[in-house]
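Only one structure is covered here, and it is reproduced in the block below.
The values are calculated or read from the model by the stated rules, or taken from the named source; none is laboratory data. Worth saying up front: this structure is predicted, and the values here are computed from it rather than measured. With ideal geometry, Cβ positions are generated from the backbone for all residues, glycine too; neighbour counts draw on all protein chains shown.
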Amino acid sequence: DQQVKQNSPSLSVQEGRISILNCDYTNSMFDYFLWYKKYPAEGPTFLISISSIKDKNEDGRFTVFLNKSAKHLSLHIVPSQPGDSAVYFCAASANGGFNKFYFGSGTKLNVKP
Amino acid sequence: DTGVSQNPRHKITKRGQNVTFRCDPISEHNRLYWYRQTLGQGPEFLTYFQNEAQLEKSRLLSDRFSAERPKGSFSTLEIQRTEQGDSAMYLCASSANDRGFHEQYFGPGTRLTVT
């Protein structure tokens, strides 16, 4: 069963605008969430994280929001740049990431110049 | 470069052959994870180690798969009698083990093609 879902396989955004990538999960035991960026032929690169004790975490142009009651998280990229074009995966774990992460199927972001 | 490294980057093998992949984690990390990724999907957990102890194995890891981390440093993943369905990207990740929340850092992966 898919415990982490990314329902949008792709997203296209104009350079300079906001990109919003969404992720839903089903397991209420998840307490740590990560976003990864992946370029073709490379491994996923860690982008930003959030624990369940927070509802927002910012790092430069990247902000992750967590809505525990809705079991939903989102990644905002502002402003979007062409170099942000990649596949973005959300991942969730119970027990603070001490064991395995469950990944969504990814959203391919295309930022148009 | 002190990131996670994996070798080989690509492996093409014929059905029925055995293959072995190697992962070298970030040196101060004592947790090491193997994932498998197929086209259009996110990484799927296979197994993980804390030091040399293998703590969990996914049901995806059939008896043809075996992973080791003999000295708590590098790890190997072996697939015996490969099948075409084993074709995938095999990813290794590592993380720290002290208290707190920990992200996992991934290597570049080994792409396996079984013909």
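A few remarks follow.
- Residue tally, condition in a strand (DSSP E or B) and within 15 Å of B:Ser87 (Cβ to Cβ), over segment B:1-17: 4
- None of B:Glu44, B:Glu28 is within 14 Å of another protein chain (Cβ to nearest Cβ) and acidic (Asp, Glu) except B:Glu44.
- Within segment B:66-115, the set of residues being among the hydroxyl-bearing types (Ser, Thr, Tyr) and either under 14 Å from B:Lys11 (Cβ atoms) or touching an Asp or Glu at 6+ places or on another chain (Cβ under 7 Å) (or both) comprises B:Ser66, B:Ser75, B:Thr76, B:Thr82, B:Ser87, B:Tyr90, B:Ser95, B:Thr110, B:Thr113, B:Thr115.
- In segment B:79-115, the residues that are within 14 Å of chain A (Cβ to nearest Cβ) and of a type in the set (Asp, Glu): B:Asp98, B:Glu103
- Yes/no for B:Pro25 being under 11 Å from the mean Cα position of the chain (by Cα) and either at negative phi or of a type outside the set (Gly, Ala, Ser) (or both): yes
- In segment A:94-113, the residues that are part of a strand (DSSP E or B) and within 13 Å of A:Trp35 (Cβ to Cβ): A:Phe103, A:Thr107, A:Leu109
- One residue from B:Thr20, B:Thr76 being outside any loop (DSSP other than H, G, I, E, B), away from chain A (no Cβ under 13 Å) and in contact with a Lys or Arg (Cβ under 7 Å, 6 or more places away or on another chain): B:Thr76
- Check on B:Ala53, of a type in the set (A, V, I, L, M, F, W, C) and at pLDDT below 95: yes
- A:Ser8 meets the conditions (1) within 16 Å of A:Ser105 (Cα to Cα); (2) part of a strand (DSSP E or B); (3) not β-branched (Val, Ile, Thr) in every case but one. The failed one is (2).
- Residue within segment B:79-100 that is touching a Pro at 6+ places or on another chain (Cβ under 6 Å), within 19 Å of B:Ser5 (Cβ to Cβ), modelled with pLDDT of 95 or more and surrounded by 17 or more Cβ atoms within 10 Å (Cβ to Cβ) present: yes
- Flag if B:Leu55 is closer than 15 Å to A:Phe101 by Cβ, in contact with an Asp or Glu (Cβ under 7 Å, 6 or more places away or on another chain) and surrounded by fewer than 21 Cβ atoms within 10 Å (Cβ to Cβ): no
- For segment A:69-113, filtering for residues that are within 14 Å of chain B (Cβ to nearest Cβ), of a type in the set (D, E, K, R) and surrounded by 18 or more Cβ atoms within 10 Å (Cβ to Cβ) leaves 1.
- Selection within segment A:24-48 - surrounded by fewer than 20 Cβ atoms within 10 Å (Cβ to Cβ), at the interface with chain B (Cβ under 9 Å from one of its Cβ atoms) and small (Gly, Ala, Ser): A:Ala41
- Filtering segment B:60-69 for residues that are within 13 Å of chain A (Cβ to nearest Cβ) and at pLDDT below 90 leaves a non-empty set.
- Criterion (more than 13 Å from chain B (Cβ to nearest Cβ), over 13 Å from the mean Cα position of the chain (by Cα) and more than 25 Å from B:Gly109 (Cα to Cα)) met by exactly one of A:Glu58, A:Glu15: A:Glu15
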